[in-house]
Amino acid sequence: MKGLLIVEHPLIQAKLTRLRDRRTDRLQFRQLLEELTALMVYEITRDFPVREVEVDTPLERTTGVELARPVVLVPILRAGIVMLDGVLSLIPNARVGHIGMFRDPKTLKPVEYYVKLPDNLAEAMVIVVDPMLATGGSAVAAVRRVKEHGGRDVRFLCLVAAPEGVRAFRRAHPDVPVYAAALDRELSDHGYILPGLGDAGDRLFGT
Ligand code: PRP
Ligand code: URA
């Protein structure tokens, strides 16, 4: 699908399979989600701009690089918060914004309950993270908020996407690429991704 990039790395696909497994317990689920996110971030930041810097080794001065633009991470609560730790393991000085959202179980529309974003969004590379892209409602609304706060260079990182969600997201934000570990078959009548991995928030937090 246009605008959707599936990261096919074998380590990612093997970990995703364990994440889907209903026997995977909460502790393993959290660890896998964190590890998977770090692996995905490694892939999706390949084209981040860098600039040259001088560095003194113990022996002499040489030239290296640093990221040229600040990175801002925006997890969609709740499940995105565990992904955040995965990204921070690779980009520890990233700034972090938070967007709290849950789906109304009847309408499946997102209900926003918290927004706190850094003020340098216009100059930053922004990565919005949430493991699930189902109807797309939460991701569409979260990225809209990020843009309202000035975000211009935005990427959306999830693990499992449904075709319906990708289409809705791309309609709303054609300028924002979507990265996922898998594009699943469809949504159930209750808005769950099939085959999916269940309710990510519930599996993470035991609710
Ligand atoms: C889940 C998930 C996404 C959303 C995806 O969160 O983490 O945010 O559903 O569904 P959508 O694409 O149809 O909007 P949920 O609403 O269950 O809230 P929670 O993280 O607090 O459990
Ligand atoms: N949210 C989830 O956590 N899982 C789904 O399958 C759909 C939405």
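The values are calculated or read from the model by the stated rules, or taken from the named source; none is laboratory data. This is a predicted model, so every value here is computed, not measured. Every residue, glycine as well, gets a Cβ built from its backbone with ideal geometry; the counts of neighbours run over all protein chains shown. Protein only, heavy atoms only, side chains kept; ligands, DNA and RNA dropped before computing areas. Shrake-Rupley method; radii C 1.70, N 1.55, O 1.52, S 1.80 Å.
Before moving on, here are some points about what is shown:
- Top-ranked residue in region 88-102 [being in a strand (DSSP E or B) and open to solvent by 70 Å² or more (accessible area, probe 1.4 Å); ranked as nearest to ALA141 (Cα to Cα)]: PHE102
- Lone qualifier among THR17, THR37, THR24 - being among the hydroxyl-bearing types (Ser, Thr, Tyr), in contact with a helix residue (DSSP H, G or I) (Cβ under 6 Å, 6 or more places away or on another chain) and either over 18 Å from ARG155 (Cα atoms) or open to solvent by 50 Å² or more (accessible area, probe 1.4 Å) (or both): THR24
- Condition check for LYS106: over 26 Å from ASP25 (Cα atoms), open to solvent by 60 Å² or more (accessible area, probe 1.4 Å) and touching a strand residue (DSSP E or B) at 6+ places or on another chain (Cβ under 7 Å): no
- Unmet requirement for VAL115, which otherwise passes all of (1) open to solvent by 10 Å² or more (accessible area, probe 1.4 Å); (2) within 12 Å of ligand 1 (Cβ to nearest atom): (2)
- Considering (1) within 20 Å of PRO177 (Cα to Cα); (2) of a type in the set (A, V, I, L, M, F, W, C); (3) open to solvent by 80 Å² or more (accessible area, probe 1.4 Å), the lone condition that LEU84 does not fulfil carries the number (3).
- Only residues that are touching a residue at least 60 places away in the same chain (Cβ under 8 Å), within 13 Å of ligand 1 (Cβ to nearest atom), in a loop (DSSP other than H, G, I, E, B) and surrounded by 12 or more Cβ atoms within 10 Å (Cβ to Cβ) were counted in region 193-207, giving 3.
Here's the yes/no breakdown for (1) touching a Leu at 6+ places or on another chain (Cβ under 6 Å); (2) surrounded by fewer than 22 Cβ atoms within 10 Å (Cβ to Cβ); (3) free of Cβ contacts under 8 Å to residues at least 40 places away in the same chain; (4) farther than 16 Å from ALA79 by Cβ:
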position: PRO110; (1), (2), (3), (4): no, yes, yes, no
position: VAL126; (1), (2), (3), (4): no, no, no, yes
position: ALA139; (1), (2), (3), (4): yes, no, no, no
position: ALA142; (1), (2), (3), (4): no, no, no, no
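- Taking region 64-80 as the range and being open to solvent by less than 70 Å² (accessible area, probe 1.4 Å) and without any contact (Cβ under 8 Å) to a residue 40 or more places away in the chain as the test, the residues that pass are GLY64, ALA68, LEU77.
- The listed residue being under 28 Å from ARG171 (Cα atoms) and modelled with pLDDT of 95 or more, out of VAL53, VAL65, VAL72: VAL72
- Number of positions in region 161-192 that are open to solvent by 10 Å² or more (accessible area, probe 1.4 Å), within 12 Å of ligand 1 (Cβ to nearest atom) and part of a strand (DSSP E or B): 1
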